[in-house]
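What follows is a short report on a single structure.
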Amino acid sequence: MHIQQSHAPFAIAVEEMTQWVARPHQHNFFELVFIEAGTGQQCINYQHIAYKAGNVFLLPPLDCHSFQISTPTRFVFVRFTHQVFARNSPAEADFQAWFQQLSYILINYNQVPGDLIADPQDKHHLVQCLHLIRAEHTKGDTFSASLIQSTLVTVLNLLARHVEAALLAAPGSAPRRFVEVLNYIQHHLFQPEHLSIAALAARTGMASSYFGEYFRQHAGESLQAYITKSRLKVAESRLLHSDHSVKEIAFELGFTDTSHFARTFKKHYGYTAQQFKQRGQFCQLKSAGAPA
């Protein structure tokens, strides 16, 4: 499997195609794909999803994807790495809270594949943001980088809103009250003081003595196991797509020390975090059936 690399923090391309000629590939950057015209199917991780004009897809790193084109299609590809959100000076905005929101998307986007934006007003906002990004990328003056950065934050927050809405509305899903508990946990993965049984029980109006049983009943695992798996999902992205050391990632995710993080990661995946980071084997681990 070819992995397409991106060394620039941001790039944009407009391509008109009647046939998809590229082989399915994985990439080390995030990619927004806006369908300006045309119809067909997107293949993401070997699932086929119909597309039409106006659809927007978010493709996180290392997902395998291609397109099957039914009618001539004009694609707008907006590609970026985590570096586009790096703070270049103390005066620039701190995107730490936004980056945590992106972690929430990474954890949940596979559960709601396809075009995420159904609300007409939000879709209009999203398309206008993409037009602004294209215009500023072409202009390229001293303000363009900051405008692109802040507009991407808006785009991804719009997507996060609809990831959450889709999860809450999914048919056959867990009770809404429980899904809201899961969303709250994922929004506060970096704030362990909010994730104790006592804190979560108080938030839901339950007795602490009952909440642990309630969570296990609906999740099929303990609260601590769920939190650990969610943090490791974020760790995957940090290891593969940031310059953070294993020590920095362990501290950020609330592990007691690097050794604790290393033991937990190896137990979950069968690889050390350093091996995972060096070899970039997320997709290989999944296809090989790494222990969950």
Show me 161-168, 218-225 ranked by packing, highest mean number of other Cβ atoms within 10 Å first.
161-168, 218-225
Straight-line reach from LYS267: which aspartates and glutamates have Cα under 20 Å away, leaving out those fewer than 8 places along the same chain?
GLU221, GLU236, GLU248, GLU252, ASP257
Within the set of other residues whose C-beta is less than 15 Å from the C-beta of GLN128, count the net charge using Lys and Arg as +1 and Asp and Glu as -1.
-2
In whole Hz, with x marking every Gly and Pro, tabulate ³J(HN,Hα) for segment 49-58 from phi via Karplus 6.51 cos²θ - 1.76 cosθ + 1.60, θ = phi - 60°.
10, 5, 10, 8, 4, x, 6, 10, 10, 9
Rounded FRET efficiency, nearest 0.05, which uses the C-beta distance separating LEU132 from ALA202 and R0 of 45 Å:
0.60
Measure up LYS229/LYS277; LYS123/LYS229; LYS52/LYS123; LYS52/LYS233; LYS52/LYS139; LYS123/LYS233 against 24 Å on the Cα-Cα distance and list the ones that go over.
LYS123/LYS229; LYS52/LYS233; LYS52/LYS139; LYS123/LYS233
May I ask you to list the residues of segment 161-204 whose amide nitrogen lies under 17 Å from a point 7 Å from Cα along the Cα→beta-carbon direction of TYR210?
175-179, 181, 197-204
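Every number here is computed from the coordinates shown, using simple stated rules; none is lab data. Owing to the predicted nature of the structure, the values given are computational and were not obtained by experimental measurement. Cβ atoms come from the backbone with ideal geometry, glycine included; neighbour counts cover every protein chain shown.
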